[in-house]
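Student: My questions will all concern the structure given below.
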Amino acid sequence: MTVEIENDKKLVIQNEEPEQQGNHPPRTIGFISFLSIGYFLVSGGPFGIEGSVSAGSYAYVLLTYIILPIFWCIPHGLITAELSLMVNKDGGCSVWGEKAFGEYVSLSLGLFSWFASIVDLSLYPVLFVQYFSGCFGGTSYEDDLWGGGMATCTHCRLLIAFAVIVLIVLMNCWGAEQVGIFSTILSVILLTPFIIMVVMGIGHVQLGEILRVDGGLSNFKGVQWGVLLTNLVWSTSGFDATGQLAGEVKNPRRNYPIGVIGVMIITITSYVLPLLVGMQYDRDYANWQDGQFSIIALKVGGQWLGILLSIGGMVSSVGLFQCNLCTSARNLYSLSDRGYLPKIFSKLLPRRETPFVAILTNAAIVCILILMPFQAIMSLDMSIYSIVVTIECIIYIKLFIWNPDYNRPYKAISTRWLLPYMASPMVFTILILALSPFTIQWKTLVAVGVNLAIVASRYFHNKYKQKNQKKSNSVLDYEEESLIKKYSIN
């Protein structure tokens, strides 16, 4: 932006973008709603972390969930807060990439992020049915087709999954404010059974005995670090997704930094305390697998607590689906709004001002994916997301070093000496890519090749348009020159 002064001097202020106006969703997300949406984007509850306990020594599992987030969650969350406030509009990492490296990195990063999100979205309706089915365990409806046997009945499973998708699509079309309010209600319902379990079980915890399971700290080599690190990264990923809503958060200068830190604290606390109680009630780490918290809830409080936990799983799946649908739709909307995708994806619903075409498009793709055996695609999720986080860290470093004059309402760090710390998430992502099986590595390369082909096609399309524009301008200049000569008095 350029500001002209009366004495003919000019003061150039870079990157002070005005508050977005016109065809954009309004700022309707308050602090509590942002905190709830962020919690579902990053965590969604302790469901799914049970498998990490099977990696080995309880001491190392607990230390991993307490210490490593300092080098994964905190820098990634702070990067998100700073860059979101810098661009101050919807789009997240795609807009950050445009700010640092231009349109082609923006398009590539936006597509990678969208792919990872859409694969995640496809899991949640099916998980909802599984947890719903689990509610009937131990009851007279345990073997009923529309009860405990629901998860094994194809048409029952799909019918309920599609019903969940329709309801969440309607909620998203209603507005981000409503998504935030509903997420707040869901997060309370989700965390309640874990709070009850912790309150009832924490008094029985014998920490010394837990820390000695499987050799304790002396059994470093016996830990399956690949399993443990992958579970940690997977269960604490998603801070950057909150950046997709940067243009819809009220008072972002205050709410983004505080909200991101709040999400970190709630996430780590809601992991470590249930794990601690669970380790007390089940000392055999080899038994731990997905769904283990339901078994532990039965031991701690009985069947009623187990049912509450299953209800919490259903609520978690709904919250994860609605919040990820909300942010992934903003990704498509932003790419379209900036001219990288057809304009139809940036259409807003009249009166509600939500990107309904992007929402419906993502929902339709999810409906197709849940009909398919897409395990091969799902295995790419974490590796593609690792590429996204790596590029986000590079973007932050580039903007910090080469564009210090950009307006930053919030600065995560004030000195270059802390840049290695801010780049520490790259260590995790590189390890995940390097340690992943060869089958995932070559599929990742194929996905990267497809992504680059799309970006390259846009590059050559732009070059073709520029070439035609130059020809058109040359013809106009020639015709104008001919007219001048023709009617010249001399």
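Student: Please go through the residue pairs LYS99/LYS347; LYS343/LYS467; LYS89/LYS470; LYS89/LYS398 and name each one whose alpha carbons sit more than 30 Å apart in this structure. Please list the in-between numbers first.
Tutor: Numbers: LYS99/LYS347 24 Å; LYS343/LYS467 23 Å; LYS89/LYS470 33 Å; LYS89/LYS398 20 Å.
In this structure, LYS89/LYS470 lie more than 30 Å apart at Cα.
Student: Quote the relative contact order of the chain in percent (integer), defining contacts as alpha-carbon pairs under 8 Å separated by 6+ residues.
Tutor: Details: 700 pairs, mean separation 153.5, N = 490.
The value is 31 percent.
Student: Round to the nearest 10 and report in Å² the accessible area of THR28, as given by a 1.4 Å probe over the protein chains' heavy atoms.
Tutor: The accessible area of THR28 comes to roughly 30 Å².
Student: Next up: Going by a ≥ b ≥ c, the root eigenvalues of the Cα gyration tensor, does the stretch 106-255 fall in the rounded group (a/c under 1.5), the prolate group (a/b larger than b/c) or the oblate group? Kindly include the intermediate steps, with their values, before the conclusion.
Tutor: Values: a/c = 1.64, a/b = 1.14, b/c = 1.44.
Oblate.
Student: Take the Cβ-Cβ distance between ALA163 and VAL427 as r, set R0 to 56 Å, and report the resulting FRET efficiency rounded to the nearest 0.05. Let's see the in-between values first.
Tutor: Working: r = 43 Å, r/R0 = 0.76.
So, using R0 = 56 Å, E works out to roughly 0.85.
Student: What is the chain by shape, rounded, prolate or oblate, if you read a ≥ b ≥ c off the alpha carbon gyration tensor as root eigenvalues and call it rounded for a/c under 1.5, prolate for a/b larger than b/c, and oblate otherwise? Walk me through the intermediate numbers first.
Tutor: Numbers: a/c = 2.11, a/b = 1.76, b/c = 1.20.
Since a/c reaches 1.5 and a/b is larger than b/c, the shape of the chain is classed as prolate.
Student: Here is a follow-up. Over the stretch 344-467, with every protein chain in place, what whole percent of the accessible area is carbon and sulfur at 1.4 Å, could you tell me?
Tutor: On the way: 4930 of 6870 Å².
That share works out to 72 percent.
Student: Can you give me the accessible area per residue for the chain, using a 1.4 Å probe, in Å²? Write out the running numbers ahead of the final one.
Tutor: Numbers: 22540 Å² over 490 residues.
For the chain, the solvent-accessible area averages 46 Å² per residue.
Student: Here's another thing I want to ask about it. Run the 1.4 Å probe and let me know the accessible area of VAL213, rounded to the nearest 10 Å².
Tutor: Accessible area of VAL213: about 20 Å².
Student: Quick test of the membrane-span-like rule: which DSSP H helices of the chain reach at least 18 Å along their long axis (C-alpha atoms) with mean Kyte hydropathy at least -1.0? Intermediate results must be reported in sequence, preceding the final value.
Tutor: Working: long enough: 69-87 (26 Å, 1.34); 103-134 (47 Å, 1.08); 154-174 (30 Å, 1.99); 176-201 (37 Å, 1.90); 252-281 (44 Å, 0.88); 303-337 (51 Å, 0.69); 356-369 (20 Å, 2.57); 381-402 (31 Å, 1.55); 438-487 (73 Å, -0.56).
Going by DSSP H runs, the hits are 69-87, 103-134, 154-174, 176-201, 252-281, 303-337, 356-369, 381-402, 438-487.
Student: Roughly how many nanometres apart are two label points built 7 Å out from the Cα toward the Cβ at THR139 and ASN251?
Tutor: 4.3 nm
Student: Continuing with this model, one more query. Of the accessible area of the stretch 172-322, with the probe set at 1.4 angstrom, what percent is carbon plus sulfur?
Tutor: 67 percent
Student: Using the Cβ atoms and a cut-off under 15 Å, what net charge is assigned to the surroundings of SER237, where Lys and Arg are +1 and Asp and Glu are -1? If you can, show how the numbers build up before the last one.
Tutor: On the way: positive: none; negative: ASP120, ASP240, ASP381, GLU392.
After counting each charged neighbour, the total is -4.
Student: List the relative contact order of the stretch 337-421 as a percent without decimals, with contacts defined as Cα pairs under 8 Å and 6+ residues apart. Intermediate results must be reported in sequence, preceding the final value.
Tutor: Details: 21 pairs, mean separation 10.0, N = 85.
So the answer I get is 12 percent.
Student: Quick check on the stretch 202-241: take the gyration tensor over C-alpha atoms, sort the square-rooted eigenvalues as a ≥ b ≥ c, and tell me if it's rounded (a/c under 1.5), prolate or oblate.
Tutor: Working: a/c = 4.62, a/b = 1.52, b/c = 3.05.
Taking the square roots of the gyration eigenvalues as a ≥ b ≥ c, the stretch 202-241 is oblate.
Student: Using the Cβ atoms and a cut-off under 13 Å, what net charge is assigned to the surroundings of VAL42, where Lys and Arg are +1 and Asp and Glu are -1?
Tutor: Details: positive: none; negative: ASP120, ASP240.
Around VAL42, the charge tally is -2.
The values are calculated or read from the model by the stated rules, or taken from the named source; none is laboratory data. None of the values given here were measured: they were computed from a predicted structure. All Cβ positions, even for glycine, are placed from backbone atoms using ideal geometry, and neighbour counts span all protein chains on display. Calculation scope for accessible area: heavy atoms of the full protein, side chains included, ligands and nucleic acids excluded. Shrake-Rupley method; radii C 1.70, N 1.55, O 1.52, S 1.80 Å.
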